[in-house]
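None of the figures in this text is laboratory data; all of them are computed from the coordinates on show. Remember, predicted model here, so these are calculated numbers, not experimental data. When we count neighbours, we look across all protein chains shown, and the Cβ atoms used for this are built from the backbone with ideal geometry, even at glycine.
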Amino acid sequence: MEQRIAGAITRFSGSMRFVYVHIVAYGFWILANLDVVPGVPKFDPSFVILAMVASVEAIFLSTFILITQNRMSAAADKRAELDLQISLLAEHEVTKIAALLSAVAERLGVETEVDEEVEELKEDVAPEAVLDEIEEHRQ
């Protein structure tokens, strides 16, 4: 529930409606306190209250934006982990296909120019080693 509220506030604060609301509200506030709007008495002649309201609003908006960014970062991390798992699975399957194709070529007596490379391709990659290597490079 909290995440949805933070997301909704962030979406609204990143829209042009948000800008228009602020132009009207702050514009009225400024014009009223400059004695430009007839019939409206000055309520913040030094604009101290306006500065405080804007500061508090900025604090809350930045907090909501950080909450949304953290959520988006966590989702991106999950997608990256899934991509890595899929890549490792594909690597394993390609290794098996290379071994099978090499066995077929050997049985048929077919020699190729890449026999040495095929032997290297047939070696299975350990996912743990790949993950360890990635972690070492992160630090």
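Points worth noting:
- Region 1-105: trypsin sites (Lys or Arg not before Pro) in DSSP coil with no more than 11 other Cβ atoms inside 10 Å: Lys42
- Rounded tilt (10° steps) of 16-33 against the dominant C-alpha axis of the chain: 20
- Shown here for region 1-72: chymotrypsin sites (Phe, Trp or Tyr not before Pro) in loop regions (DSSP other than H, G, I, E, B) with at most 11 other Cβ atoms within 10 Å, namely Phe43.
- What you get for the chain, charging only the Cβ of Lys and Arg (+1) and of Asp and Glu (-1), is a dipole of about 2060 debye around the Cα centre.
- Positive-end residue, the chain charge dipole about Cα centroid, Cβ charges, pick of Gln3, Ala51, Ser13: Ala51
- Dipole-positive endmost among Ile67, Val36, Ala105 within the chain (Cβ charges, Cα centre): Val36
- Between helix 127-138 and the chain: long-axis angle, C-alpha atoms, 0 to 90°, nearest 10: 40
- The helix-only estimate of mean residue ellipticity at 222 nm for the chain, built from DSSP H runs of length n ≥ 4 each weighted as -39500 (n - 2.57), is -27500 deg cm²/dmol after division by the residue total.
- Charge dipole (debye, nearest 20) of region 75-133; +1 at Cβ of Lys and Arg, -1 at Cβ of Asp and Glu: 440
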